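The values are calculated or read from the model by the stated rules, or taken from the named source; none is laboratory data. Computed from a predicted model, the values in this text were never measured in an experiment. Neighbour counts are summed over all protein chains in view; Cβ atoms, including those assigned to glycine, are modelled from backbone coordinates with ideal geometry.
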Amino acid sequence: MAPIKVHGVPLSSATQRVLATLYEKELEFELVPVDMKAGEHKKEPFLSLNPFGQIPAFEDGDLKLFESRAITKYIAHQYADKGTDLACGDTKQKATIGVAIEVEAHQFNPAASKLTWELTWKPVYGMVTDKAVVEENEAKLAKVLDIYEGRLAHSKYLTCDCFTLADLHHLPTIQCLLGTEAKKLFDSRPHVSAWAANITARPAWCKVLALEKH
């Protein structure tokens, strides 16, 4: 069997989503570093894996995938019998998880990723944080987290009492935001705060964070 390969870098939030899923599933894999500074992701052979030139790219035998959320869904279903059941429940439960996955991608992530850029990465690159963009996206994220607070009042995780892909997909941006002034948006909502603390402490996620430090 050819090993699972993830082409990416440990600092990339999209790559982190895939790595967290593989660790939750207790699967062996090879992380193939992509030299972003040298533009490796914008030329062959990387473009044969992802024609859009973005990380991560994923290989499982002869299967080649890109787009992190599509990759995590594949891993969860293909290796359903391994590790954590990230797509638990019957068809209706899986549909609910599917809705929460879409909410993360289309409601939570746009605001959260803009905040991550302004509050985490701009300072790293010596750029000035745009306070107007921060205020605008904090307001957008607050509305999403209000909805999450209501959901999490009834279950430990977003869709049920077990950890699923819907929760996992939030990890990279939540981890970044908890280290910024945007942490107040989580702290002010007790159920959201408990949920964020719970998922960011998971052993699989700690393994992803450990990769960043190498």
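Numbers at a glance
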item: Subset of segment 124-133 that is assigned to a helix (DSSP H, G or I) and modelled with pLDDT of 95 or more - its residue that is nearest to E26 (Cα to Cα); result: V133
item: Exclusive hit being out of contact with any Cys (no Cβ under 8 Å at 6 or more places or on another chain), surrounded by fewer than 16 Cβ atoms within 10 Å (Cβ to Cβ) and acidic (D, E), set D85, D62; result: D62
item: Unmet requirement for E136, which otherwise passes all of (1) of a type outside the set (A, V, I, L, M, F, W, C); (2) buried (at least 22 other Cβ atoms within 10 Å of the Cβ); (3) over 20 Å from T72 (Cβ atoms); result: (2)
item: Some residue of segment 166-178 being under 18 Å from the mean Cα position of the chain (by Cα), under 19 Å from A87 (Cα atoms) and part of a loop (DSSP other than H, G, I, E, B); result: yes
